[in-house]
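Inspection log for the structure reproduced underneath, given as structure tokens.
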Amino acid sequence: MSASRSLGYILLALSALIAPQQAAADLRDEAALAQRFSPVVRLVEQPEECEAGEPYEPIDVDVLFGEPTVALRGPWNPTDLVKIGPAGTDLVGRYQYHLDFPGDPLDPGCDYEHWADRITAGSVPTVYAHVVTEGGHPGELALQYWLFYPFNDFNNLHEGDWEMVQLVFDARDVREALEEEPVAVGYSSHEGAEQADWGDDKLELVDGDHPVVYPAAGSHANKYTEALYLGSSADAGVGCDDTRGPHVELRPRVKTIPSDPAAARQAFPWIAFEGRWGELRPAFFNGPTGPNLKQQWTAPIEWSEGWRPRSYAVPTAGVFGTGATDFFCDGVATGSRALVRLIRDPVATILVLAVLIALVLFAGSRTRWRPSTPLRLAHRRSWGQTLTAAGQMYVKQAPLFLGIGLIFIPLGFVIAALEAVLLGGFGLLGVDTTGESAGALILLVVAVGTTLTLLGVALVQAATACALGQLDAGRPLGPVAAYRAALTRIRPLAGSLALAVAVCVALAATALLVPLAIWLGVRWVLHAQTVELEHCSAAAGLRRSAELVRGRWLRVASLVGLGALLSIGVGPLLGALLIFGTSAPLALLNVIAAVVYALAIPFLALVTAYVYFDARVRNELESDDTAGELPAEIEISPA
């Protein structure tokens, strides 16, 4: 044997001995790096089982394997059962297969919560760390933390949910990264992620190195702070993510998946699964793919180049009136529930929609819409004519009624300023503004804002009634004069409003009496017109309103209700559409929505005024003893 061949064998033997030792050393460094920067997870607290809050913790996926309530199915439909209680090794190389958990993701109820509690008993919350380098980006290294939740209880309901946090280092290898701090952080959020530089104000750290993560309740989208966040795209999610506390703080155990693919498959066989971690369902109700099938698993630096710089926190309520963002959040959630019903039972859902449309068309055909005749107020009108008269009057006298609606703009700023003074003032006085005390304070602030808003609506109602009366008499006036006339009756107007609100709120505080509160609210809905036009006192105005509504409750409720829906909904609906169609700041969109809302409120006042005049004419004709006599149509001379 030659000397060179002998040297080669010696070097090969030494490398065989050194390689495992080097791999073990590298894994120890990776584990050390993962432990140093392990995230602190603050979940939204769930005070009561199956109630609001976050019931799911990031789990150790090993609890799924060998579990008799978990099935491996596939590859092409949910009935292709492969194995009950699969092991991690059963998942290796399975392309387009599904893990199936017990329950119906489109009708979850509390099933998944109870199941998750049972299978995780005795285990601890866990995150999976993974160190990645990318060939096209030398000198940069990514440290990832993967979190798995048993269920995604958001607008897109589905079994299983993988989320992650990524830290980026300017380092060539793990040992160098151990001597450095990250330069950037990315928090996964739906199909995208949000970026922060290390040291940014929005990035909260515990003990210097542990980033704090706020998963949104239900969706588990990771956020940097507690707030209500809005998304209108696949990247940011469609809907509203809520990370507001109180919170439960977790320090999950860290399991490190080796960066070497062979070692990773040996230690964690399930990382080679090429299927979905949840039941097979259509579209975005489908279970998610695992970490190994996502771009960031092998190209983390390239993926980080698409991180968005921020998420958009929803401004609290609107600047005044109903906020576009509130309407958007509720609207997306409602639309999602409707879509779920459609998917679960398409025939029944379509049938119900068809019946509703038919009922609306039938109801519309049973009333007269023409002639609208907006003037000659003391006139009986059909249900449809009441709406068309209000619409025609608004269009014909647009400057007048737009001007009347403008009061809501300064009123909104007054309400916002008063709320700020109340909140800030109590803090300055040393009143506790956290916990239960904060809840009581918020109720007070909401009560004040709602009272002022209702007073504004009452003023618009009164000013509109005055303006209509003058127009009908041929003495048109402007919005300032209309308000000047309305303000002469401000004391009885405010008094009748205060009485009505106090009684309805007291009744509504008891759930059993809510129907009575609604019934009384409709009976008193004409109080602004009775106080303003009939010069009633506060109590007499409510009595007179009840007298006019008597026997016409459904008619009054449907007309005023539809008028309110059209007036209050148009601004937020426009704002919600702008959220989808533009990239304008949310605060600006809320202002636009609120301005449109303010300008639309006079339409509600017009509808209510025409309802009042119709009821008053019918009431006075019914009380006339001669109303039932037929008038002579021709003169007959006595014989």
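Where a number appears in this text, it was derived from the coordinates with a stated rule and is not lab data. Model, not experiment: these values are computed from the prediction. FYI the Cβ positions are ideal-geometry reconstructions off the backbone, even for glycines, and counts take in every protein chain you see.
Peptides 205-211, 306-312 ordered by packing proxy, namely the average of other Cβ atoms within 10 Å per residue, highest first: 306-312, 205-211. Each label was represented as a point 7 Å from its Cα along the Cα-to-Cβ direction; for ASP104 and LEU588 these points are 4.6 nm apart. Full extension of the chain segment joining GLN46 with VAL570 gains 185.1 nm, where the gain is 0.36 nm per residue of separation less the Cα-Cα distance. Counted by Cβ distance under 9 Å from LEU178, the other residues give a net charge of -2, where Lys and Arg count +1 and Asp and Glu count -1. For GLN96, the shell of other residues with beta-carbons less than 9 Å away shows a net charge of +1, using +1 for Lys and Arg and -1 for Asp and Glu. Say R0 is 56 Å: what FRET efficiency, to the nearest 0.05, do LEU477 and HIS114 get from their beta-carbon distance? Here the calculated transfer efficiency is 0.25. In the range 33-190, the ratio of gyration radius to Kirkwood radius, Rg to Rh, stands at 1.02 when only Cα atoms are counted.
Taken about its Cα centre, the range 226-296 carries a charge dipole of roughly 280 debye when the Cβ of each Lys and Arg holds +1 and the Cβ of each Asp and Glu holds -1.
Given their separation in residues at 0.36 nm each and the Cα-Cα distance between them, ARG341 and ALA267 gain 22.4 nm when the chain is fully extended. What residues from the range 453-494 fall in the zone where the backbone N is under 19 Å from a label point 7 Å along the Cα-to-C-beta line of ALA378? Label zone hits: 465-476.
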